[in-house]
1. Could you calculate the FRET efficiency of Lys251 with Asp86 from 1/(1 + (r/R0)^6), where r is the beta carbon distance between them and R0 is 51 Å, rounded to 0.05?
2. Roughly how far apart, in whole Å, are the Cα centres of segment 22-39 and segment 295-370?
3. Can you give the three extents of the C-alpha atoms in segment 2-236 along their principal axes, from longest to shortest, in whole Å?
4. Which residue, Val123, Ala38, Val143, has the largest displacement toward the positive end of the dipole of segment 21-159 when charges sit on each Cβ (Lys, Arg +1; Asp, Glu -1)?
5. Could you list log10 I(q)/I(0) for segment 63-139 at q = 0.18, 0.25 Å⁻¹, which the Debye formula gives when each Cα is one point scatterer?
6. Order by neighbour count: Arg286, Arg112, Arg301, fewest other Cβ atoms within 10 Å first, most last.
7. Calculate, in nm to one decimal, what Gln227 and Ser104 gain on full extension: separation in residues at 0.36 nm each, minus their alpha carbon distance.
8. Got a sec? Which residues in segment 61-100 would a label at Arg46 touch, if it sits 7 Å along Cα→Cβ and we count backbone N under 13 Å?
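Every number in this text was worked out from the coordinates using simple rules, so none of it is lab data. Note that this is a predicted model, so its numbers are computed, not measured. Here the Cβ is made from the backbone with ideal geometry for all residues, glycine too, and neighbour counts use every protein chain on show.
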Amino acid sequence: MVEFKQFYTSETISDLLVSLLSHTDVASCLELSAGEGALLDAILKRFSGIKITAIDIDNKNFHKLLEKYPEHRIFCCDSTHEELLDTLDGQLFDVAVCNPPFLSVSSNDYLRSIISRVFNYNVKTKKIRAEIIFLCINLLHLVPNGQLAIILPELFFSSDQYLWLRKALTEKYVINQIVECEHNSFVNTEAKTHIYHLVNRIPKKQHEFKITIKPNAFQGTKIIRLQDFVSKRHVETSTSFDDYFIIFRGKLSGKECKESSYPYFHTTSFNARFESFENSIEYSARKAQKNDILIARVGTRILGKTEVFLGNSAIVSDCIFCIRIFDASIREYFLNFWLQNRSDWLKNNAKGTCAKHISLYSVKELIESVICEYLSSEKSNKIFEIEKMLL
């Protein structure tokens, strides 16, 4: 439920998450954010006879879970509140599964003490990510060698801000595997996420672990060192593409663009002609330049309509993605790819029931993949030319 920043888990992700648990003899399971029971269904399919303790903050979900799982322990409470301690009453579990809400909560003595107890880290911020609290409570309630499979956001995986968290995880727990979830795995959010499979055991000789990148794609599984995970050297960030392109969505509505008195590009502007205008500080970051690729990001009839901007400059509306590819050859390569594959790509990536739309993230990911393909083909051509010269 979006009201509580809960983005429910699909059957595919639930089955994938539970499949990571390597225990064969499991008697008990904890679920701190049960939602409508997707992860519980997967657990019950995998482990017959298991006893579940499930928590959810939403009273509607609580009653659904009671009806669905009458033989298990179901509670309605906030897992970030101290009352949870009384609910769990010190019980330890063989396994835990969790898809926590993606939000920040106000810091207090109780939450700070939980983090300090689990990770030996003193939080000084006014807000704490709820996912960290759910992670801590799950780990606190595992038996020795118990296993946790939990969905966590991208920022824990790659942000400098959470280097302390990655360091604590590698020092106090065994990381069996991290699996990157496919983009748009969760309804109503484009958040990028990973499944962490952790074991409640201090690692003695662990130096590396498996990471699966986009399990349904060609990237597959690779091994990374713990020290690289902590220092963020494992992250192949999109900053490596900064020298190749930028993409942005306009800021103003079509009506606001029209009222601005400046030339503008909206979904009604395709095939129009534009003249230059003086730079404005207010609009400088949302302006199309000559040779930018403009794509309609919303609208069932116009979605994906594309034009290379031939004017000097114009404001871009919030219905348009502006793509600026700096190299002319790469720009032409991407444009040809896009025009040839646009229909199929839109079928797979357009969202919404009434007004169809595409996300900036998905378009950005497409551009990066096409650039990689271009660079790879260029490298192959150069190698071929060198080999011809050596013959």
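1. Details: r = 49 Å, r/R0 = 0.95.
Computed FRET efficiency for Lys251 and Asp86: 0.55.
2. 41
3. Between the extreme Cα coordinates on each principal axis of segment 2-236 lie 47, 42, 36 Å.
4. Toward the positive end, the furthest listed residue is Val123.
5. -0.81, -1.36
6. Working: Arg286 21, Arg112 16, Arg301 8.
Ranked by crowding around the Cβ, least crowded first: Arg301, Arg112, Arg286.
7. Working: separation 123, 0.36 × 123 = 44.28 nm, distance 2.77 nm.
Between Gln227 and Ser104, full extension yields 41.5 nm more.
8. 94-99
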